[in-house]
């Protein structure tokens with residue numbers, strides 16, 4: 001397209017062809033497939049990593065091929081790891097009133113937080129379960145493609161600055177007491193109580209290439225689909241559908257919806273606004 | 001004012017109107033949404049800074065006042081003409097080349113999420129010279145870089161006159177880097193958009 005050529009010569013940005021080249025290279029060398037990632041975001045993240053690491057397009061290609069340690073750093077910068085405890089407080093209210101009463105009927109509650117990043121969502125859910133008295137019979141798996149953030153998740157230590165935001169979210173979620181009741185203060189940070197970590201496990205899982213590893217009553221995958229094109233979303237919906245027990249719940253981010261006509265029929269909408277779904281059939 | 005032919009031609013040739021505003025811009029944006037004709041034949045995107053978790057009625061207010069249908073953007077929504085899209089709080093909104101929206105929760109820019117820069121820059125990649133973008137009152141520098149990118153792509157770029165803005169910093173930042181084709185007062189902007 002003529003317009004595109006003009007753009008590419010007048011700006012520093014990566015061209016569509018350069019982005020495709022990087023996608024192919026990463027797929028070949030590292031087996032990691034970015035082909036069906038939302039392109040506009042991917043371009044921003046690639047441009048950002050080049051800026052932060054002060055790399056030209058050619059430097060970036062060279063490092064991706066020749067520097068074995070670089071790929072993890074690259075992956076950490078490309079994937080978005082921004083998360084909060086009790087992000088979207090109204091969502092947690094809805095889970096409390098619409099999902100937990102249902103989960104209480106199960107003998108064991110297994111939850112999968114897919115794309116858990118540094119663990120904030122896993123611990124938010126752990127607190128909800130704790131308040132409902134389900135800690136003993138529940139287990140939360142947090143997975144992510146990124147090993148660096150998983151290390152953070154296992155620690156469960158967050159800065160005071162972050163905790164301040166999380167505590168505000170906690171209040172807005174209408175929960176009793178204070179979020180700090182669940183933390184032990186360190187110097188400039190706070191650690192989640194070990195009692196809440198007991199029934200959690202963090203491990204590497206790639207939604208694009210890995211398969212089913214357990215059966216769950218609840219799968220939470222929030223603000224992950226926004227980075228994927230709808231075709232890839234559909235593929236992952238299939239993985240989630242197969243991983244859920246009959247009548248199991250799937251929750252997506254507040255601005256994400258099931259786009260696939262096929263899977264719209266496979267899930268019942270429990271709360272439209274907060275994107276809470278329940279599996280139909282087995 | 002008498003609109004010069006160049007500006008009104010470029011406005012009429014646009015497929016999408018991008019409105020960026022921060023502190024001091026709400027009343028203007030609300031007014032614009034009201035005066036836009038329902039048969040505009042363009043999509044309208046409103047990118048406005050606001051506090052996260054602030055359970056505002058902004059979307060409702062816009063919807064009630066507008067002649068066109070108004071929606072708060074969901075991820076992967078297709079962009080249709082004669083629709084006003086409100087960028088959601090606590091996400092960045094990007095525009096894809098297939099004329100759909102993609103959301104992003106990454107780091108705030110200029111302490112802002114939504115970032116006007118991000119929406120503008122991605123719009124330049126998708127629409128090239130087919131945008132009209134206007135940057136209004138605000139107390140930081142968000143939007144200036146994005147407006148420059150749109151200008152370089154050939155889109156029509158306008159900054160609100162700093163003397164006319166409640167908070168002049170944002171349009172001034174755009175003017176300082178020569179990102180605006182035109183610097184107009186609110187009344188002139190209304191006249192253009194109604195033309």
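Hey, got the average number of other protein chain Cβ atoms within 10 angstrom for residues in A:35-42? Could you put the intermediate results ahead of the total?
Values: counts 0, 0, 1, 9, 8, 17, 9, 2.
Averaged over the peptide's residues, the number is 6.
As a check on your grasp of the helix formula, calculate [θ] at 222 nm for chain A: sum -39500 (n - 2.57) over DSSP H runs of n ≥ 4, divide by the residue count, round to the nearest 500. Mind dumping the intermediate values first?
Numbers: 13 runs with 123 residues, N = 282.
Counting only the DSSP helices, I get -12500 deg cm²/dmol.
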Length gain on complete extension for the stretch residue A:25 to residue A:187, per 0.36 nm per residue less the alpha carbon to alpha carbon distance? 54.0 nm
Taking only Cα atoms of the stretch A:89-279, radius of gyration then Dmax in Å: 16.0, 51
What do you get for the angle between helix A:16-30 and the principal long axis of chain A? Use alpha-carbon atoms, 0 to 90 degrees, nearest ten. 70
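With contacts defined as alpha carbon pairs under 8 Å and 6 or more residues apart, what's the relative contact order of the stretch A:2-78 in percent? Walk me through the intermediate numbers first.
Working: 40 pairs, mean separation 21.9, N = 77.
Worked out over the stretch A:2-78, it gives 28 percent.
Take every DSSP beta bridge whose two residues both sit in the protein assembly as shown, then give the antiparallel share in percent to the nearest 5. Before the final figure, lay out the partial values.
On the way: 20 of 64 bridges.
Antiparallel: roughly 30 percent of the beta bridges in the protein assembly as shown.
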If you take each beta carbon of peptide B:144-154 and count the beta carbons of other chains within 10 angstrom, what is the mean? 2
Rounded to whole Å, give me the distance from the Cα center of the stretch B:10-87 to that of the stretch B:112-187. 16
In vacuo Debye sum over C-alpha of the protein assembly as shown, base-10 log of normalised intensity I(q)/I(0) at q = 0.10, 0.11 Å⁻¹, listed in q order, is -0.79, -0.95
Here the whole-number average of other chain Cβ atoms within 10 Å per Cβ of B:122-135 is 2
Roughly how many nanometres apart are two label points built 7 Å out from the Cα toward the Cβ at residue A:69 and residue B:12? 6.3
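Given 0.36 nm per residue, what is the gain on full extension from residue A:282 to residue A:264 after removing their alpha carbon distance, in nm?
Numbers: separation 18, 0.36 × 18 = 6.48 nm, distance 1.50 nm.
The span from residue A:282 to residue A:264 would gain 5.0 nm if fully extended.
Among DSSP beta bridges lying fully in chain A, give the percent that are antiparallel, nearest 5. Mind dumping the intermediate values first?
On the way: 14 of 33 bridges.
About 40 percent, rounded to the nearest 5.
Taking a quarter of the surface of the Cα convex hull of the stretch A:2-78, what do you get in nm²?
On the way: hull surface 20.2 nm².
Computing the convex hull of the Cα atoms and averaging its projections yields 5.0 nm².
Using only the Cα atoms of chain B, build the gyration tensor, take square roots of its eigenvalues as a ≥ b ≥ c, and label the shape rounded, prolate or oblate: rounded if a/c is under 1.5, else prolate if a/b is larger than b/c, else oblate.
Numbers: a/c = 1.23, a/b = 1.13, b/c = 1.08.
Since a/c stays below 1.5, the shape of chain B is classed as rounded.
Over all directions, the average projected area of the alpha-carbon convex hull for the stretch A:111-160 comes to how many nm²?
In nm², the orientation-averaged hull projection of the stretch A:111-160 is 3.6.
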Which distance in Å, rounded to a whole number, links the C-alpha centroids of the stretch A:41-91 and the stretch A:121-143? 30
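Can you tell me which of A:65-72, A:158-165, A:228-235 comes out highest on packing, and rank the rest after it, using the mean Cβ neighbours within 10 Å? Walk me through the numbers on the way to the answer.
On the way: A:65-72: 12.2, A:158-165: 15.4, A:228-235: 18.0.
Descending mean neighbour count gives A:228-235, A:158-165, A:65-72.
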Determine, from the Cβ-Cβ distance of residue B:31 and residue A:33 and an R0 of 41 Å, the FRET efficiency 1/(1 + (r/R0)^6), rounded to the nearest 0.05. 0.30
Would you please give the FRET efficiency between residue B:82 and residue A:159, computed as 1/(1 + (r/R0)^6) with r the Cβ-Cβ distance and R0 = 51 Å, to the nearest 0.05? 0.65
Using only Cα atoms, find the angle between the long axis of helix A:230-243 and the longest principal axis of chain A, and express it within 0 to 90 degrees, rounded to the nearest 10. 30
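Using only the Cα atoms of the stretch B:115-195, build the gyration tensor, take square roots of its eigenvalues as a ≥ b ≥ c, and label the shape rounded, prolate or oblate: rounded if a/c is under 1.5, else prolate if a/b is larger than b/c, else oblate.
Values: a/c = 1.96, a/b = 1.22, b/c = 1.60.
In terms of gyration-tensor shape, oblate.
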With a Förster radius of 51 Å, plug the Cβ-Cβ distance of residue A:62 and residue B:69 into 1/(1 + (r/R0)^6) and report the FRET value to the nearest 0.05. 0.55
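A short reminder: the numbers here are calculations on the coordinates, not readings from a lab. No experiment lies behind these values; they were computed from the predicted model shown. Using ideal geometry, Cβ is built from the backbone for each residue, glycine included, and neighbour counts are taken over all protein chains shown.
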